[in-house]
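Visitor: Structure provided below as structure tokens; questions to follow.
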Amino acid sequence: MVSPSHPLARRRGRVETSALAGFVQIVLSERNELGVVDQAVLSPRTWRITDLETKRAMLLAGAGWGNLPEHAVCDDITAKRLVEIHPAAWGEGEHTLHLSIIHRRDMAFGPAHRWLASTLEALCARDAAASRAALAGRPKRKK
């Protein structure tokens, strides 16, 4: 994502890593001293922040480029406050997150487990459907 005023917003199709490297990438970082290995960092120029709302605000302000969850920016995309870019290094759907419920086979699901599993499934399905519907209503960007 970038703001419409960012130079990368004019790019069409896949954006090569060499082009992205010329701009600041806003990166979500862990708060503790151990941290985690960087993921999806393509630019040597990074600004690190600790929460998604700050990252979104920085992208809206044109401070750099970065990825954000689709549900968090679908209104910004529709209102043209943010523009999607497509890094060539990232495949289609590569940053899709999956939710799994893991449990021991020798332990039966009780009523609370069943309620939690069905509620999480329903909430995820609802949010995914709303996000798809919002994005379906906006014009497709030429690649």
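Visitor: Restricting to the stretch 43-54, name every residue that is part of a loop (DSSP other than H, G, I, E, B), at pLDDT 90 or above and in contact with a Ser or Thr (Cβ under 9 Å, 6 or more places away or on another chain).
Guide: Ser43
Visitor: Of the residues Ala57, Ala134, only one is surrounded by 13 or more Cβ atoms within 10 Å (Cβ to Cβ), modelled with pLDDT under 85 and over 13 Å from the mean Cα position of the chain (by Cα); which?
Guide: Details: Ala57 fails: modelled with pLDDT under 85.
Testing whether each residue is surrounded by 13 or more Cβ atoms within 10 Å (Cβ to Cβ), modelled with pLDDT under 85 and over 13 Å from the mean Cα position of the chain (by Cα) leaves just Ala134.
Visitor: Related question: Quick check: is even one residue across the stretch 82-90 exposed (fewer than 10 other Cβ atoms within 10 Å of the Cβ), of a type in the set (Asp, Glu) and at pLDDT 85 or above? It would help to see each step written out before you state the result.
Guide: Keep residues of the stretch 82-90 that are exposed (fewer than 10 other Cβ atoms within 10 Å of the Cβ), which gives none.
Within the stretch 82-90, none of the residues are exposed (fewer than 10 other Cβ atoms within 10 Å of the Cβ), of a type in the set (Asp, Glu) and at pLDDT 85 or above.
Visitor: Test Val2 against the criterion of being crowded, with 18+ Cβ neighbours inside 10 Å, closer than 25 Å to Ala130 by Cβ and of a type outside the set (Lys, Arg), and give yes or no. Spell out how you get there, then give the answer.
Guide: Values: crowded, with 18+ Cβ neighbours inside 10 Å: yes; closer than 25 Å to Ala130 by Cβ: yes; of a type outside the set (Lys, Arg): yes.
Judged against the criteria, Val2 is a match.
Visitor: When residues of the stretch 44-96 are filtered for being closer than 12 Å to Ser3 by Cα and of a type in the set (Val, Ile, Thr), how many remain?
Guide: Qualifying residue count, the stretch 44-96: 4.
The values are calculated or read from the model by the stated rules, or taken from the named source; none is laboratory data. Not measured: the values here are computed from a predicted model. In this analysis, Cβ positions are derived from the backbone assuming ideal geometry, glycine residues included, and neighbour counts consider all displayed protein chains.
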